[in-house]
Amino acid sequence: MRTTLSLEEDVLHRAREISERTKTSFRHVVNEALRKGLDSIEPRQKAQPYVTPSRKMGLKPGKSLDSINDLLAEIEGEEHR
């Protein structure tokens, strides 16, 4: 995005020196300086990690894990194999 900024002479001079010394564009130097300056004024807040609460899972009454094949046949039908 294009915008017009009024920079003071000392800031302009310093940004141009850094640009020449690091062999990066003036635009890159200004953008990086603004990012760091904005972060020092108002640091980005870290996102809160999403936590999924756990809960006990069980079988429906009358179901058993003693025979997985029987359980699959009951749930998915005899054609599950």
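The values are calculated or read from the model by the stated rules, or taken from the named source; none is laboratory data. For clarity, every value in this text was computed on a predicted model and none was experimentally measured. So basically every Cβ, Gly included, is an ideal-geometry build from the backbone, and we count neighbours across all protein chains shown.
Among residues of segment 11-27 that are free of Cβ contacts under 8 Å to residues at least 60 places away in the same chain and within 17 Å of Gly37 (Cβ to Cβ), those with a Cβ under 8 angstrom from a residue that is part of a helix (DSSP H, G or I) and among the charged types (D, E, K, R), sequence gap 6+ or separate chain, pair up as Phe26/Arg16. Scanning segment 31-56 for residues that are modelled with pLDDT of 85 or more and more than 30 Å from Leu12 (Cα to Cα) yields Gln48, Pro49, Tyr50, Val51, Thr52, Pro53, Ser54, Arg55.
Checked against (1) among the polar types (S, T, N, Q); (2) under 27 Å from the mean Cα position of the chain (by Cα); (3) surrounded by 11 or more Cβ atoms within 10 Å (Cβ to Cβ), Thr52 passes all but a single condition, namely (3). Assess whether Asp70 counts as being of a type outside the set (A, V, I, L, M, F, W, C) and closer than 24 Å to Thr4 by Cα. So Asp70 fails the test.
For segment 26-67, the set of residues classified as small (Gly, Ala, Ser) and over 20 Å from Leu7 (Cα atoms) consists of Ala47, Ser54, Gly58, Gly62, Ser64, Ser67, listed by residue number.
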